[in-house]
Amino acid sequence: MDLRLIEQLLPNGFHDAYLSRLALDFVNRDVELSLRVLVANDDQPASERYRQCRLMLHDYSVLILEPAIAYREIKPSRGLQIDQTQLTDEDYHAFRQVGYNMREGNFWLALFVYDWNSRIVISARDAEMKFL
């Protein structure tokens, strides 16, 4: 499934989500993200606003964990707060310059991690999301 279709299933996309786990399968080239995603408005009780899910990204070709630029102690209680962000032409140019595999047909997912003040960037071929 295309990542854009998954985003459209969520009222807020990956905005104001919480990342609690990131796992890599180097042999099968899969990335697994454990997330709590926003599924309801602020008028709902806090316990109903978020749902736990697993986002699987298959056949990844690029995975970048930018170094944390932490200006305070990192102690996430609910996971790392993230927001999906857009990559710029300058980002893609920089990726090409350092030799990343810019595989045709892959989608890109860029997540800004508030606690790190930096990003996680992944390029993969296919995605699936399951609520837990």
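FRET efficiency for the pair Phe131 and Gln97, taken as 1/(1 + (r/R0)^6) with r the Cβ-Cβ distance and R0 = 41 Å, rounds to 0.60. For the chain, the relative contact order comes to 30 percent (Cα pairs under 8 Å, sequence separation of at least 6).
Taking a ≥ b ≥ c as the square roots of the eigenvalues of the alpha-carbon gyration tensor, region 8-132 is classed prolate because a/c is 1.5 or more and a/b outweighs b/c.
In the chain, helical runs assigned H by DSSP with n ≥ 4 each contribute -39500 (n - 2.57); averaged across all residues and rounded to the nearest 500, the mean residue ellipticity at 222 nm is -3500 deg cm²/dmol. Counting only protein heavy atoms, what percent of the accessible surface of the chain is carbon or sulfur at a 1.4 Å probe? Exposed carbon and sulfur together represent 47 percent of the surface. Applied to region 51-61, the Karplus parametrisation 6.51 cos²θ - 1.76 cosθ + 1.60 on θ = phi - 60° returns per-residue 3J(HN,Hα) values of 10, 7, 8, 10, 9, 9, 10, 9, 6, 6, 10 Hz, with x for Gly and Pro.
Applying the Karplus relation 6.51 cos²θ - 1.76 cosθ + 1.60 with θ = phi - 60° to region 125-130 yields 3J(HN,Hα) values of 8, 8, 9, 8, 10, 10 Hz, where x marks Gly and Pro. Here the label points at Ala40 and Asp83, each 7 Å from Cα along the C-beta direction, are separated by 2.4 nm in the simple model. With protein chains left intact and a 1.4 Å probe, residues in the chain average 59 Å² of accessible area per residue.
For region 94-109, 3J(HN,Hα) computed residue by residue from phi via the Karplus equation (6.51, -1.76, 1.60; θ = phi - 60°) reads 5, 4, 5, 4, 8, x, 5, 6, 8, 5, 4, x, 6, 9, 10, 10 Hz, glycine and proline entered as x.
Close amide-amide hydrogen proximity is noted between His15 and Gln84, each under 5 Å apart and 5 or more residues distant or on a separate chain (H modeled in the peptide plane; Pro and chain starts excluded).
The values are calculated or read from the model by the stated rules, or taken from the named source; none is laboratory data. Here the structure is a predicted model, which is why all the values come from computation and not from measurement. Backbone-built Cβ (ideal geometry, glycine too); neighbour counts: all protein chains shown. Please note that ligands, DNA and RNA were not included when accessible areas were found on the heavy atoms of the full protein model with its side chains. Shrake-Rupley method; radii C 1.70, N 1.55, O 1.52, S 1.80 Å.
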